[in-house]
Amino acid sequence: MSVLQTLQERSNTTCELCKATEDLKQYTLPPSLNESVDNSLLVCKTCLDQIEGNSEMDSNHWRCLNDSMWNEHIAVQIMVWRMLQRLRHEGWPKDLLDMMYLDDEALTLARATGEHEDEANKIIHRDVNGVILEVGDSVVLIKDLKVKGSSMVAKQGTAVRNIRLDTENAEYIEGKVDGQQIVIITKYVKKT
Ligand SMILES: [Zn+2]
């Protein structure tokens, strides 16, 4: 049986990403050179055009990944992972990525095309002047800040050393003020 035939059989001749039944093609995960059942999947033209960048990404179409992420075949899981990475900025794909589990080998292949390295999606923390903040930096507060969940006010001009960054949100950093670890909004600090 050819690779294509095997894929048709395992998928019941449907797109393994969105379940469409027409215009199906075999797609071999780049950068693989040898086509095999293990690194290929069956996809429809709508999916393929967006995967290959021939038509614009329609994030609604990719809601189908909600279901296909649970596909038992690793090649499908890897493709789902790559598409979720590309759509990360939409928000919802991040939740699905958190739920996905790929073993080390699969993850290495999934990352081979660099989808996860999209600069636009990278979380970068910047101070009030747009200066990039990094872990361990020192900042100074540029206004009085009420500390959430306490009566404490962190005064303007307070120096905060050795900050940490919120890895999920570019607007937040953490640091110690008066011995207390607090969350600080990046637009109210200046790097020193
Ligand atoms: Zn499809």
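Coordinate-derived values only; no laboratory data. As the structure is a computational prediction, the values presented were derived from the model and not from experiment. Neighbour counts are summed over all protein chains in view; Cβ atoms, including those assigned to glycine, are modelled from backbone coordinates with ideal geometry.
Annotations for the structure displayed:
- Sorted fewest first by neighbouring Cβ atoms within 10 angstrom, 188, 172, 27 come out as 172, 188, 27.
- Vicinal HN-Hα couplings computed from phi for the range 24-40 (Karplus, 6.51 cos²θ - 1.76 cosθ + 1.60; Hz; Gly/Pro x): 8, 9, 7, 10, 9, 4, x, x, 4, 9, 9, 6, 9, 4, 5, 10, 10
- The chain - mean residue ellipticity at 222 nm from DSSP helices (-39,500 (n - 2.57) per run, n ≥ 4, rounded to 500): -7000 deg cm²/dmol
- When the charge dipole of the chain is built from unit charges on Cβ atoms (+1 for Lys and Arg, -1 for Asp and Glu) and taken about the Cα centre, the candidate among 87, 110, 149 whose Cα reaches farthest toward its positive end is 149.
- When only Cα pairs below 8 angstrom with a gap of at least 6 residues are kept, the chain shows a relative contact order of 14 percent.
- Separation of the range 35-80 from the range 123-151 is 40 Å, based on Cα centroids.
- Cα convex hull, the range 1-108: 102 Å³ per residue, rounded to a whole number.
- Formal net charge of residues neighbouring residue 109 (Cβ-Cβ distance under 11 Å; K, R +1; D, E -1): -2
- Residue pairs, from the table 148/176; 143/187; 143/176; 19/94; 155/187; 148/190, whose Cα atoms sit over 18 Å apart: 19/94; 148/190
- Dipole magnitude of the range 23-81, debye to nearest 20 (Cβ charges: Lys/Arg +1, Asp/Glu -1, about Cα centre): 20 debye
- Among the cysteines of the chain, those with no neighbouring cysteine Cβ under 4.7 Å are 47.
- Going by neighbour counts of Cβ atoms within 10 Å, the residues 113, 46, 167, 186 line up, fewest first, as 167, 113, 46, 186.
- Selected from 139, 74, 96, residue furthest toward positive end of dipole (the chain; charges at beta carbon): 139
- Test item: Cα-centred dipole of the chain, Lys/Arg +1 and Asp/Glu -1 on Cβ, debye: 1220 debye
- For the range 86-189, the equivalent ellipsoid derived from the Cα gyration tensor has semi-axes of 34, 14, 12 Å, listed largest first.
- If the Kirkwood radius is taken over C-alpha pairs of the chain, then at 37 °C and 0.692 mPa s the Stokes-Einstein diffusion coefficient equals 169 µm²/s.
- When only the Cβ of Lys, Arg, Asp and Glu is charged (+1, +1, -1, -1), the dipole of the range 102-153 relative to its Cα centre reaches about 580 debye.
- Residue exposure sequence - 150, 138 - by fewest surrounding Cβ within 10 Å: 150, 138
- Most mobile listed residue (159, 75, 106) in the chain, GNM with C-alpha springs under 10 Å: 159
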